[in-house]
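The values are calculated or read from the model by the stated rules, or taken from the named source; none is laboratory data. Predicted model only: the values in this text are computed from it and were never measured. When we count neighbours, we look across all protein chains shown, and the Cβ atoms used for this are built from the backbone with ideal geometry, even at glycine.
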């Protein structure tokens, strides 16, 4: 390796090496010289811009000196120099003092009488140096610029208004009429021609795009105003001439559909109309929005798919690519709808653009049948070496899905995966391949032996330490249970001899698990190999070998509890508890660390967490809000989105086991800091955040339920939204509907400042080991004190007040933990107790909404993709989980939908515990 310094990396304009202080001194001398030399000053400004753009910073006094030296260049009328001056001033204004002093100089170039070349640059710079106290002085100037007849001036003013919104939203909001006038004005940027007669960019109406974006920022918090804006600009008159503006309007439509189901039909008719727009980008955005709508029906999806199908035969690469990419994403969740395009998609397999061919192949893999698998696999093999790793990963992910869809074809697909594993590729690509093989081993048992053999060959020449460690771990988990376990020992021990210390340590751990095999000859061989590892130069490897040899002398069940435990501690919670233990002071160190306070994860829960992480990295977000161009930026944060321990992951709508464990870890750390709760033991279950008041009320209250072995703790997160009122001695009186729940104590909130949030805890005893549901009527009690407007000090005397909030329900779902399993049918057949109930769901529009309602009520993990109905009339939802006591429970929910009767469902529950199945079956009532 050469350590020679590459001078080109440190060179600036002209190839010379630039020193920050040299440039600084040259700038001061050049800008203060008389007369001003425009050419020299432009070079100095270019060097200064280069330094600022590459991460160099100047001290505040240096920035201020430079800033005011540059302002002297306003004396010269050179156009190019003036443009560079504004460019640099914008950058230096962030770190210089007293920049407001140059406002008058800049404003001279913003007037209507000024040269149109200067005005846009001056407006952009002015917006960066103005502050909230002086923005009113430029209000009239900005209003005039917004409606200016020159599009470049108008656009500069509109974009600058975006930057002024955080400074003073109320002032910018007064420019709404001018902004709307600009949208309707249809100002056109001219088409410029070059000296050789070649034409430049086509005429555009980009000012409409900027004006519409600003108008949205001003109206995004008023949904009715947003709907009116959409109706106004999407009318038959067609006031929007800019395709970019229409695309932005489509994203606004998507937000309205997502927030208000009643607006879905009229908004969808607008989207269908835009499918016929003369601009391709508008067609694609409308089609993508329709297909990403939540619970999109076949009737709604058909026109979008038809338009995309036409683009599949477009002569333009970009159009074919965009169409197949959208169809590919939709095929992940609704493959049966994309089948109609298969003939056109097959014609793209041999497309000269390999990106298009890759998407075509992977789409066919999702929509094709079992008979077409072998043919597609041959075609994929032909061009794998011609595409980038990014597209190889897409192909591998599609193969992984196909493996689980058609297990009978596992041999050919496994052969393909092993082949690409030997090819050249980066870490992410190789990781995707072995993840696919891991899934085959887990879900297609017939492939285990061959897959493990291929992985053994892979680690013989693996350059990635992380992947080698993962494969060794898998060999240790799966190898001892195969027909011929001894053949894997050689591959594992080779890693001890040939690899780095990290891989050697993983190999020793994998090797130690073979000592659990009930075969004395195998145990003796493993003992010999582990004994050799005691001489390893790395202490981690020696320690692992020594522990494995010690466990070889104890009974097998004891050794198994260490080498292959049924449950493992949650690493995040363990880390938090250890940090609290070592930082708790001398008193904490006098007591032994209690591992029982750390939540443990079963193998099923770990597998569920890993599976969900893999799925989330490959699946598209169907039904999500818009992306880009500010669309969706006005959406408020969900409940629990601010303050207190309830923020963050607790507000997640995920019902998966991984989300449950994340919440439990987060809350456990917060609850452990409350002395009154420490004697309760470990938290068994923490619920999602439930809003007990409407949003934007004077007091917003949210609740989280924490279930302990013999206690229940209600966490009330209270937000005081008033600006002039302090709340003191804040508590919540929660009255249970059942006498078996007895209040223990209330952890009150001494003081709640204006526009702040705090937490109150109410603790109850509950019947240990039982699953009793209960309702709590809750009332917020406090002393209200108003602030003195002049001093900001609260009154000495306040008045007692109370605020009624919604009841808190401890339901069946609060006793269940969503858990992932690989084989639902096998688990269903093994559970002994069964119960069934039939229901009719009112106010539910479609099977997808019914699935969401059932999953939310039961808090069980949906399996085998059953949370997404593939048919509009009937569906079967498969659910699995565990009770807080650890018992297994599964549910089979059969649904039927008709426009006349709504959704009718029959739920059949099976469980390990006799009382659980009837409880789950009756939970929907």
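Go through the range 807-923 and tell me which strands (runs of 3 or more DSSP E), entirely inside it, have 1 or more residues that are farther than 26 Å from residue 684 by Cβ and within 33 Å of the chain's Cα centre (by Cα).
Numbers: elements: 808-810, 816-818, 833-841, 874-883, 888-898, 902-911.
Result: 833-841, 874-883, 888-898, 902-911.
Considering only the range 324-354, state which residues are part of a loop (DSSP other than H, G, I, E, B) and touching a residue at least 12 places away in the same chain (Cβ under 8 Å).
Within the range 324-354, the first condition is being part of a loop (DSSP other than H, G, I, E, B), and the residues that meet it are 332-334, 347-353.
Residues satisfying the conditions are 332, 333, 334, 347, 348, 349, 351, 353.
Which residues, taken from the range 450-478, are surrounded by fewer than 20 Cβ atoms within 10 Å (Cβ to Cβ) and not in a helix (DSSP H, G or I)?
461, 463, 464 - these are the residues of the range 450-478 that are surrounded by fewer than 20 Cβ atoms within 10 Å (Cβ to Cβ) and not in a helix (DSSP H, G or I).
Output the residue which, of all residues in the range 357-366 that are in contact (Cβ under 8 Å) with a residue 24 or more places away in the chain and crowded, with 22+ Cβ neighbours inside 10 Å, is farthest from residue 323 (Cα to Cα). Talk me through it step by step, then tell me what you get.
Narrowing the range 357-366 to residues in contact (Cβ under 8 Å) with a residue 24 or more places away in the chain: 357-363, 365-366.
This time we only want the ones that are crowded, with 22+ Cβ neighbours inside 10 Å, so: 357-363, 365.
Values: 357: 12, 358: 13, 359: 10, 360: 10, 361: 14, 362: 14, 363: 12, 365: 17 Å.
The selected residue is 365.
Considering each of 854, 893, 844, 876 in turn, give the residue that is modelled with pLDDT under 85 and farther than 24 Å from residue 600 by Cβ. Give the derivation first.
Details: 854 fails: modelled with pLDDT under 85; 893 fails: modelled with pLDDT under 85; 876 fails: modelled with pLDDT under 85.
Checking each option against the conditions leaves just 844.
Scan the range 831-843 and tell me whether some residue there is closer than 30 Å to residue 299 by Cα, in contact with a helix residue (DSSP H, G or I) (Cβ under 8 Å, 6 or more places away or on another chain) and not assigned by TED's automatic domain parsing to the domain that holds residue 763.
Residues of the range 831-843 that are closer than 30 Å to residue 299 by Cα, as a first pass: 838-843.
Filter once more, keeping what is in contact with a helix residue (DSSP H, G or I) (Cβ under 8 Å, 6 or more places away or on another chain): 841.
Applying the additional criterion that residues be not assigned by TED's automatic domain parsing to the domain that holds residue 763 yields 841.
Checked the range 831-843: at least one residue is closer than 30 Å to residue 299 by Cα, in contact with a helix residue (DSSP H, G or I) (Cβ under 8 Å, 6 or more places away or on another chain) and not assigned by TED's automatic domain parsing to the domain that holds residue 763.
Please list, ordered by first then second residue, the pairs with beta carbon atoms under 9 Å, 6 or more apart or interchain, first in the range 552-569 and in a helix (DSSP H, G or I), second at pLDDT below 80.
So the pair list comes out as 560/566.
Identify, from the list 732, 704, the residue that is more than 30 Å from the chain's Cα centre (by Cα) and buried (at least 22 other Cβ atoms within 10 Å of the Cβ).
Numbers: 704 fails: more than 30 Å from the chain's Cα centre (by Cα).
Result: 732 is the single residue among 732, 704 that is more than 30 Å from the chain's Cα centre (by Cα) and buried (at least 22 other Cβ atoms within 10 Å of the Cβ).
Table: residues versus (1) crowded, with 20+ Cβ neighbours inside 10 Å; (2) within 26 Å of residue 336 (Cβ to Cβ).
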{"site": "852", "(1), (2)": "no, yes"}
{"site": "865", "(1), (2)": "no, yes"}
{"site": "870", "(1), (2)": "no, yes"}
{"site": "875", "(1), (2)": "yes, yes"}
{"site": "887", "(1), (2)": "no, no"}
{"site": "898", "(1), (2)": "no, yes"}
{"site": "906", "(1), (2)": "no, yes"}
{"site": "909", "(1), (2)": "yes, no"}
{"site": "912", "(1), (2)": "no, no"}
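Would you confirm whether any residue within the range 784-793 is exposed (fewer than 15 other Cβ atoms within 10 Å of the Cβ) and not assigned by TED's automatic domain parsing to the domain that holds residue 726? If you could, list the steps in order and put the result at the bottom.
Initial filter on the range 784-793 (exposed (fewer than 15 other Cβ atoms within 10 Å of the Cβ)): 786, 788-793.
Narrowing further to those that are not assigned by TED's automatic domain parsing to the domain that holds residue 726: none.
The answer is no, given that none of the residues of the range 784-793 is exposed (fewer than 15 other Cβ atoms within 10 Å of the Cβ) and not assigned by TED's automatic domain parsing to the domain that holds residue 726.
Pairs needed: first member in the range 24-37, in contact (Cβ under 8 Å) with a residue 12 or more places away in the chain; second member anywhere, outside any helix (DSSP H, G or I); C-beta distance under 9 Å; at least 6 residues apart or different chains.
24/58; 30/36; 30/37; 36/76; 36/78
Only one residue in 535, 566, 543 is under 30 Å from residue 709 (Cα atoms) and at pLDDT 70 or above. Which one? Before the answer, list the steps.
Numbers: 535 fails: under 30 Å from residue 709 (Cα atoms); 543 fails: under 30 Å from residue 709 (Cα atoms).
Criteria check complete, one pass: 566.
Mind counting the residues in the range 502-523 that are at pLDDT below 90 and surrounded by fewer than 17 Cβ atoms within 10 Å (Cβ to Cβ)?
Final tally of qualifying residues: 5.
Looking at (1) part of a helix (DSSP H, G or I); (2) at pLDDT below 90; (3) surrounded by fewer than 19 Cβ atoms within 10 Å (Cβ to Cβ), which is the only condition residue 447 fails?
All conditions pass for residue 447, except number (3).
Assuming residue 819 fulfils every condition listed in (1) buried (at least 20 other Cβ atoms within 10 Å of the Cβ); (2) at pLDDT 90 or above apart from one, which condition is it?
All conditions pass for residue 819, except number (2).
Restricting to helices (runs of 4 or more DSSP H) lying wholly in the range 59-130: which have 2 or more residues that are surrounded by 19 or more Cβ atoms within 10 Å (Cβ to Cβ)? Give the steps one after another, and end with the answer.
Numbers: elements: 60-70, 79-92, 103-108, 119-129.
Passing ranges, in order: 60-70, 79-92, 119-129.
Of these, 759, 748, which one is surrounded by 15 or more Cβ atoms within 10 Å (Cβ to Cβ) and closer than 17 Å to residue 680 by Cβ? Give the steps one after another, and end with the answer.
Working: 748 fails: closer than 17 Å to residue 680 by Cβ.
Only one candidate qualifies: 759.
Looking at this structure, is residue 40 more than 38 Å from the chain's Cα centre (by Cα), over 26 Å from residue 116 (Cβ atoms) and surrounded by 12 or more Cβ atoms within 10 Å (Cβ to Cβ)? Talk me through it step by step, then tell me what you get.
Values: more than 38 Å from the chain's Cα centre (by Cα): yes; over 26 Å from residue 116 (Cβ atoms): yes; surrounded by 12 or more Cβ atoms within 10 Å (Cβ to Cβ): yes.
Taking the combined requirement at face value, the residue satisfies it.
Can you name the helices (runs of 4 or more DSSP H) wholly within the range 147-234 that have at least 3 residues being within 24 Å of residue 259 (Cα to Cα) and at pLDDT 85 or above? Spell out the reasoning first.
Numbers: elements: 151-164, 169-173, 176-185, 206-219, 223-233.
Output list reads 206-219, 223-233.
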